[in-house]
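Data first, discussion second: the structure below is written as structure tokens.
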Number of protein chains: 2
Amino acid sequence: MRQSLAREFNNLIERSRDRQLRLAVTGLSRAGKTAFLTSLVHQLRHAGVEARLDLLPAAREGRLLGAQRVAQQDLGVPRFPYDQAIASLDQQPPHWPEPTRGISELRLHIRYRPENNGLFGSLGSDTATLTLDLFDYPGEWLLDLPLLEHDFFSWSQRQQATLSPQRRELAADWLATVERLDPAAPADEAELAEIAGRYADSLQAARNAGFSDLQPGRFLLPGDLDGAPVLQFFPLPGLEDADRQHLESLPDESIYRTLAKRFAYYQQHVVKPFYREHFRRFDRQIVLVDVLGALNAGPERFEDLSRALATLMRSFDYGKRSLLSRLFSPRIDRLAIAATKADHVTPEQHTHLVTLLEALLAEPIKDLRFADVPVKALSLASIRATQAHEVEHQGKRTPALRGVTLDGEETLVFPGEVPTRLPRPDFWARQGFAFTAFRPLSRETRGGGLPHIRMDAALDWLIGDKLQ
Amino acid sequence: MRQSLAREFNNLIERSRDRQLRLAVTGLSRAGKTAFLTSLVHQLRHAGVEARLDLLPAAREGRLLGAQRVAQQDLGVPRFPYDQAIASLDQQPPHWPEPTRGISELRLHIRYRPENNGLFGSLGSDTATLTLDLFDYPGEWLLDLPLLEHDFFSWSQRQQATLSPQRRELAADWLATVERLDPAAPADEAELAEIAGRYADSLQAARNAGFSDLQPGRFLLPGDLDGAPVLQFFPLPGLEDADRQHLESLPDESIYRTLAKRFAYYQQHVVKPFYREHFRRFDRQIVLVDVLGALNAGPERFEDLSRALATLMRSFDYGKRSLLSRLFSPRIDRLAIAATKADHVTPEQHTHLVTLLEALLAEPIKDLRFADVPVKALSLASIRATQAHEVEHQGKRTPALRGVTLDGEETLVFPGEVPTRLPRPDFWARQGFAFTAFRPLSRETRGGGLPHIRMDAALDWLIGDKLQ
């Protein structure tokens, strides 16, 4: 994974000449990362032809000439499966692309004509190339950042504090076993593996039930570490501050010390390498959030999403006292936060969606502005799946959406209002949300391009200044 | 994966006091690695109780007190799934354990009473502990060793030379595409990924058809590297020595240079790390060979197995001129080669099986003896699945086996003779082999122990001297 010095140097030169940009895309699972990246690549490849990118000046002015995929630098990172994603969309009936697992990467060469900037500017016929490295990684990995601030003892206490009643229920099987455990007893490898398996199952069940704030993130996507002791630990419930000294003086073979050792190994060999080898190299970042999905899921999940996002956003807080700044000196110089699937509500609700997103992220956005990281919130649909209409409904003109549901039914829906503030408990009691999920438009309906909502605005914020 | 210096030092001390031993088990897929390791652990755990280990002096003399699983050292390596394997065997009906993928590890503490060696020897009541680290890894990884002696050009030539007629047929789909490729053309990432996919499919088809000598080994078990460019290369057919200079002067973006770069990355980041981080630390090694399966599969596969084994065994050739010795200074001081599944032929054929194994490995064994690596060939059944009988058959007493086939049928078979020499072509034409596959004995039939054939002899050779 290590880059050679020569490559590093070359990158540095390219970047200082504004010719290379490393753009990362993240979001919790089902936030729409794969659709976003697929659309981004498609829009740039088809710029000036089928793609409509009026909010991106270089495209509007006809200076964006297109993009080509070229060989990526790190041969050990999976390539983002763009062709498979397009193939899914082109299927009959069309499918949403398969979600990616772990990190993936794609490099584009973007050809453009620089603006004619006065007497000494380049001539109109000159073209330039921007090398855009795209990275896609699970937002769940960022949820592990706080783990670095803990030791096993404080992490165990913290985890117990976050177990909500519903999550307790989903973890009942694990809790029943772990509560019988004596931390001072000698560790039995097989027993720990078994209990850790139950803990991982409880995280998986929580995720399936719509929860996001789950640690450790790698338990949900173990990959090659499946079955390794580093993924066989779990928090110990019921630890009192007074126990700390006693527990830490237990022998190496005790359950407590064995779990603590694995926790420390996870910090060093799983969490840190991602920040060291990937994260600190990103120049810009977009965080995708499925706000509508969380509204659908009800109050407990919505609060959980809010907490997970606050945690996730701490990876972008480069204030002086932040753990991350001290450890890895990251350098993201621009950040976008996007509510995805905007095509699932009618157009006049899009500003509501942005306002709600800003409310959801109010604290982190304040911190980011304070730390002087430019940040923009927007709503978008990477791949628009509906068509907006106004229809006569109960005597008045009402906005509506026409689309095909996941079951294949053509339907007309009135999705209603998105709240502009974090819903209060009585609001949830009075009224739930039920935004319909749609399948992508078929190839015939959509034509050669990929219809979208404000992908061009996102592109302008993320790369527009490099195409001047 | 790096061991800390302190741990390294500690290991060194333990080892110098003969208290720690790192034993590796390998073999091509389906050679019986999982059954062997499961049985090895079971026999040691049940020593002195259900396990019969008369050929292991420490056990015969009642000095072997048992073994306990303890925490392994490298937390990032999957643990060998012993409990799952035993659970499979205990099922009703019993199943062979699931094969492992990649490397796995297990640490045992073996308690024994040292021999009373004279006046100053230890007292009879003293006990000692041997720490036994067990490793299990796919033999296919060793097949990649020769790759380090090549560059992309010579590797391509070599691969073409090894394509037998049957393998050509299995690779027809890939060959049809790759033969149309112009090595000088600019590389199209998606096209290379597609062709590499066909190449990987052809390797998989060859393996399913019983072939073993397949490169690159990691294409068959990609793990977390799935989709990464490092696993997206393939040999170019039809390269002539005269082309070399021209091809190597092609631009970086050409197909030839792109494939060559990935090949080099595979050498550096996939093949070498295994030798550097694991292989060179092993003290002893057993190589398992499914000779009977290869006889069943016919002449082309049998020759292929012979070639694959010769390649694999080069990892143990520490002669002065060997590539491995120069690169990694490995240190295995004792080697066993075992023909597995000996319970699938009648007892009087076991010596034939060893003789055939020795014939199959004649050249590598010679090299090993010349390099002064003690090596022993034997036949064994890790978990005996049959019972040997003599029955009256066509008027004379004939050896036979009673067992339950994989389909669940109780059966009595006359497996016939194992040849003692590599079969000649006319032999294959005259007579094939058809050794029946059996399922493990049920828990009731076998009792608490795991019946075996010569596991104790293997144990004596591999660890017996450390239990004196």
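The values are calculated or read from the model by the stated rules, or taken from the named source; none is laboratory data. Predicted, not measured: the structure shown is a model, and the values here were computed from it. Backbone-built Cβ (ideal geometry, glycine too); neighbour counts: all protein chains shown. Surface accessibility is based on the protein's heavy atoms, side chains included, excluding ligands, DNA and RNA. Shrake-Rupley method; radii C 1.70, N 1.55, O 1.52, S 1.80 Å.
Quick look at the numbers
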read-out: Odd one out for residue B:310, checked against (1) more than 14 Å from chain A (Cβ to nearest Cβ); (2) open to solvent by less than 10 Å² (accessible area, probe 1.4 Å); (3) of a type outside the set (D, E, K, R); value: (2)
read-out: Number of positions in the stretch A:240-254 that are open to solvent by 20 Å² or more (accessible area, probe 1.4 Å) and away from chain B (no Cβ under 14 Å); value: 9
read-out: Check on residue A:274, in contact with an Asp or Glu (Cβ under 9 Å, 6 or more places away or on another chain) and either free of Cβ contacts under 8 Å to residues at least 12 places away in the same chain or within 14 Å of chain B (Cβ to nearest Cβ) (or both); value: yes
read-out: Of the criteria (1) under 30 Å from residue B:61 (Cβ atoms); (2) within 14 Å of chain A (Cβ to nearest Cβ), which one residue B:127 fails; value: (2)
read-out: Subset tally (residues that are among the aliphatic types (A, V, I, L, M) and over 22 Å from the mean Cα position of the chain (by Cα)) for the stretch A:137-166; value: 2
read-out: Selection count, the stretch A:385-398, where residues are surrounded by 14 or more Cβ atoms within 10 Å (Cβ to Cβ) and under 27 Å from residue A:89 (Cα atoms); value: 4
read-out: Number of positions in the stretch B:440-465 that are open to solvent by 50 Å² or more (accessible area, probe 1.4 Å) and either of a type in the set (Ser, Thr, Tyr) or assigned to a loop (DSSP other than H, G, I, E, B) (or both); value: 2
read-out: Hits in the stretch A:163-199 - residues which are assigned to a loop (DSSP other than H, G, I, E, B) and of a type outside the set (A, V, I, L, M, F, W, C); value: A:164, A:179, A:180, A:182, A:183, A:188
read-out: Residue check for residue A:238: over 26 Å from the mean Cα position of the chain (by Cα) and farther than 25 Å from residue B:76 by Cα; value: yes
read-out: Residues that are acidic (Asp, Glu) and facing chain B (nearest Cβ under 10 Å), drawn from the stretch A:210-229; value: A:224, A:226
read-out: Qualifying residue in the stretch B:310-332 (condition: among the aliphatic types (A, V, I, L, M), touching a Lys or Arg at 6+ places or on another chain (Cβ under 7 Å) and in contact (Cβ under 8 Å) with a residue 12 or more places away in the chain); value: yes
read-out: Search result, residues across the stretch A:193-208 that are within 14 Å of chain B (Cβ to nearest Cβ) and open to solvent by 60 Å² or more (accessible area, probe 1.4 Å); value: A:194
read-out: The stretch A:67-99, residues that are more than 9 Å from chain B (Cβ to nearest Cβ) and either open to solvent by 40 Å² or more (accessible area, probe 1.4 Å) or of a type in the set (Val, Ile, Thr) (or both); value: A:68, A:84, A:86, A:87, A:90, A:91, A:92, A:93, A:95, A:96, A:98, A:99
read-out: Residue A:355 vs. criteria assigned to a helix (DSSP H, G or I) and either in contact with a helix residue (DSSP H, G or I) (Cβ under 7 Å, 6 or more places away or on another chain) or more than 19 Å from residue A:305 (Cβ to Cβ) (or both); value: no
read-out: Only one of A:40, A:64, A:53 that is buried (at least 21 other Cβ atoms within 10 Å of the Cβ), modelled with pLDDT of 95 or more and either more than 14 Å from chain B (Cβ to nearest Cβ) or touching an Asp or Glu at 6+ places or on another chain (Cβ under 8 Å) (or both); value: A:40
read-out: Considering residues of the stretch B:147-156 that are touching a helix residue (DSSP H, G or I) at 6+ places or on another chain (Cβ under 8 Å), open to solvent by less than 70 Å² (accessible area, probe 1.4 Å) and within 25 Å of residue B:242 (Cβ to Cβ) only, the residue nearest to the other protein chains (Cβ to nearest Cβ); value: B:152
read-out: Residue in the stretch A:390-397 that is at pLDDT 85 or above, among the acidic types (Asp, Glu), farther than 16 Å from residue A:353 by Cα and out of contact with any Asp or Glu (no Cβ under 7 Å at 6 or more places or on another chain) present; value: yes
read-out: Helices (runs of 4 or more DSSP H) fully within the stretch B:255-334 counting 2 or more residues that are of a type outside the set (Lys, Arg), closer than 18 Å to residue B:361 by Cα and not assigned by TED's automatic domain parsing to the domain that holds residue B:169; value: B:291-297, B:299-313
read-out: Per-region count, the stretch A:318-356, residues at negative phi, of a type outside the set (Ser, Thr, Tyr) and open to solvent by 40 Å² or more (accessible area, probe 1.4 Å); value: 10
read-out: The stretch B:255-271: number of residues that are facing chain A (nearest Cβ under 7 Å) and open to solvent by less than 20 Å² (accessible area, probe 1.4 Å); value: 2
read-out: Single condition residue A:392 does not satisfy, out of (1) in the same structural domain as residue A:44 (by TED's automatic domain parsing); (2) without any contact (Cβ under 8 Å) to a residue 24 or more places away in the chain; (3) charged (D, E, K, R); value: (1)
read-out: Whichever residue in the stretch A:167-192 is under 29 Å from the mean Cα position of the chain (by Cα) and open to solvent by less than 30 Å² (accessible area, probe 1.4 Å) and, among such residues, is farthest from residue A:250 (Cα to Cα); value: A:167
